[in-house]
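Below is one structure; the comments refer to it alone.
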Amino acid sequence: MFLTPRETIILKELLHSASPVTVERLMSLLKVSKRTVYRELANLELSLESIGAKLEKESRGRFRLIAEDAAKVKILSIVSEDEPSELSATERQHAILLQLLNSDEPISMQTFLDEYLISNTTFFADIKQLELRLARLPLTITRNRGYELAGSEKYRRLLLANILGIEINEYHFFHFSELEDKESFFMQFVNQEQLLFAQKLVREIVEPRFSDLSDRKLEFLILMLTISMDRVPRGRQLVEDSYAGQINKELLDLAKQIFAKIAAHTKQLYAVSEVVFFANLLGDFFSDLDNDFFNESFDTRLAYQVKQLIENVSQDAEVNFFEDSNLYKMLLTHLSAALSRAILNQGNLNNPILERIMGQYSEVAGAISKALPKVFPQQEFSEEEIAYMVLHFANSLERSPKVIAVDIAGISPSGLASTRMLEMRLRKHFPFINEIVFFRIADLGKLNLEEKFDLTISTSLLPGYSGKYLLISPLLLEDEIKQLKEAFRAIDHTKRHVQPAAKPSLPENDDYQEVMTFIDEINQLLKHFFVKTLENSASISETVALAVKHISSEIVADPAKVRDKLMNRYQQAPIGIPNTHFALFHASHAAVLQPCFCVFDLQTPLEIVGMDKETMTLTRMLVMLAPDPIEENVAKMLGKISGAIIMNDLGMEIFNSGNEAIIYQLLSALLIEEVKK
């Protein structure tokens, strides 16, 4: 049972009074009107029902508490706490917004003043702050006989789930049914019976399919189902046109299965738009380049924006993050999920772990914050979302020493305190440093530092020393940081000291057979690769049809069906690669007998839209086809190639060159690298 501050005051008075308590006495205690007192009493009565107690009204506005001993003990334990819990300003604003999101009617200002014990000035300040934070969402607070929220049902639901996810503790959320103390202020905004049912559905149906589902994603999906169960019976339906588009069939089947169970449980019909919306949410949360690239719903625009983000951060932080393909895939998945939620512009970061990460990787965090407005000009990201992006980039530094991983030799005549301080400062500004080893000046003649280390630094002048070194102070001043950046940029990583890799163990028989099968599939793909000139017309559909006709019947059983699928994919989203003259036409269909990748040079240039939504001239078509359904090895092969086309500048240049021999060598290298994994 959660009590507001006013309810706590009333309950204390009822407990400690020997006689019935008058409304006048409560008006005096609370300093509110008679009408407000009666409203508080009505709310209190609902709360008391949950523990088997009640208010008994006697004549002339007098009230008495009626409760069994067990209920009285429970009430005493609640009101004997020092003070009723107060909401912070952010929590109060979130609570006000949740009330507006949930309400079907305007809510009077007085209701909020009474509920949160705030002044007119504070309330107006809260509303102004909420309006600022809603500025980038299609939702507005309107004033018409009170306050209400106007805007799309989609964003209303997304924002409801986002705020509840922020305010409800994860442990409380997932273990709610097991807790003896079920009190949480923000749980009052959720139908708890529906919440438990939604949890059961997601854990039974969704989780087995996606075993690596994070708590945040799991919570969000559960909340979205709970909100749907609450709003549909109230006539708050989603508009189907808002979510039209091609959807992954497997995810659509999952969504159908879930809503069939919800309909049976709630005795309520749910429109197709509800199923489609939830299936799209699942698709956003589980986006994967290798497996989803051939889906019509794959967001090529976002794929290109992620590439731009990595390039911008790499340039600003002076770290080659673009060499890490795993970072690209992780960011694509993260941003796909983040952009599917209605993110309220938050203030400061409140998660101590994320705060520490932001501090430790401050340069990366700064580079991300600088890059986001350039890459996503219409989107505002919360500090928490930025912190999670920093975490992905930080993981890239830790995971891939290939990115930069520098080893430093330090020379210092000072003691441990000075070297420790310098090491801390170095690691703060350059978190990618792999190893820092300090040596005494006395030992310099015995060491060959350049053989084992990328860079040598010294806190003292070394007159007569023949090796290269940078002179820096233990305090690591600004100009010294700039010198170090230049030195890191100049390091030739091809000549670095590299530890010999451990010899891999020979695969077991089953693994060996899998590897050999994969190699056979690669050989087949390379065997059918070609570059041809196409005498095309000025029509894109005729050009695509002509290209498909040039592909062997060993690969395409029905050219008309494959042409239609390629055109559907082309019309679904931009496929032109920005800053080039080529586009990646791709599709999967049952009429494709085996995977294929080929290149067509066009005699007649065409005008198409690129992934950056700018018009571009097309002179070269890259065509990638796969059978449907796509097998895992095929997804890996074609995912590796598409990744090189979209995310890798060198690969982009090679495909842009149109040189068949060089493209063939690139394909071979990419696919053999995939086998080695």
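The values are calculated or read from the model by the stated rules, or taken from the named source; none is laboratory data. Note that this is a predicted model, so its numbers are computed, not measured. No Cβ is skipped: glycine too gets one built from the backbone with ideal geometry, and neighbour counts run over all protein chains shown. For accessibility, only protein heavy atoms count, side chains too; no ligands or nucleic acids. Shrake-Rupley method; radii C 1.70, N 1.55, O 1.52, S 1.80 Å.
Solvent-accessible surface of protein heavy atoms, probed at 1.4 angstrom with all chains present, puts His550, His589 in the order His550, His589, largest first. Region 149-205 has equivalent-ellipsoid semi-axes of 22, 15, 9 Å, by the square roots of 5 times the alpha carbon gyration tensor eigenvalues, sorted largest first. Measuring with a 1.4 angstrom probe and ignoring ligands and nucleic acids, His265 comes out at about 80 Å² accessible. Count Lys and Arg as plus one, Asp and Glu as minus one, and take only other residues whose Cβ is under 11 Å from that of Met27; the net charge is then +2. Extending 7 Å from Cα along the Cβ direction at Ser50 and again at Leu447 yields two label points whose distance is 6.5 nm. Once the convex hull of all Cα atoms in region 56-155 is built, its volume per residue stands at 173 Å³.
In this simple spin-label approximation, Ser541 and Lys200 carry label points 7 Å from Cα along the Cα→Cβ vector, and these lie 5.1 nm apart.
Annotation for region 409-484 versus region 7-82: alpha-carbon center distance of 71 Å. Here the translational diffusion coefficient of region 97-225 follows from Stokes-Einstein with Rh set to the Kirkwood radius across Cα pairs; for 37 °C and 0.692 mPa s it amounts to 200 µm²/s.
The local environment of Asp230, defined by Cβ-Cβ distances under 11 Å, has a net charge of +3 under the rule Lys, Arg +1 and Asp, Glu -1. Say the cut-off is 29 Å between C-alpha atoms; which of Lys249/Lys329; Lys54/Lys200; Lys72/Lys217; Lys374/Lys485 go over it? As for pairs spanning more than 29 Å Cα to Cα, those are Lys54/Lys200; Lys72/Lys217. Heavy-atom surface analysis with a 1.4 Å probe gives region 118-201 a carbon and sulfur content of 49 percent of its accessible area.
A crude spin-label estimate for the pair Gln315 and Glu632, with each label 7 Å from Cα along the Cβ direction, gives 4.0 nm. For region 554-609, with all protein chains in place and a probe radius of 1.4 Å, 47% of the accessible heavy-atom surface sits on carbon or sulfur. Note that region 607-669 presents 42 Å² accessible area per residue, ligands and nucleic acids not counted, probe 1.4 Å. You can think of it this way: the chain between Arg136 and Lys374 has 84.1 nm of extra reach, that is 0.36 nm per residue less the Cα-Cα gap. You can think of it this way: the chain between Asn568 and Ser28 has 187.3 nm of extra reach, that is 0.36 nm per residue less the Cα-Cα gap.
If R0 is 30 Å, the Cβ-Cβ spacing of Lys249 and Gln524 corresponds to a FRET efficiency of close to 0.70. Annotation: peptides 89-95, 137-143, ranked by per-residue average of other Cβ atoms within 10 Å with the highest first, follow the order 89-95, 137-143. Among the GluC sites (Glu not before Pro) found in region 1-46, not one is both in a DSSP coil and sparsely packed, with 11 or fewer other Cβ atoms within 10 Å of its Cβ.
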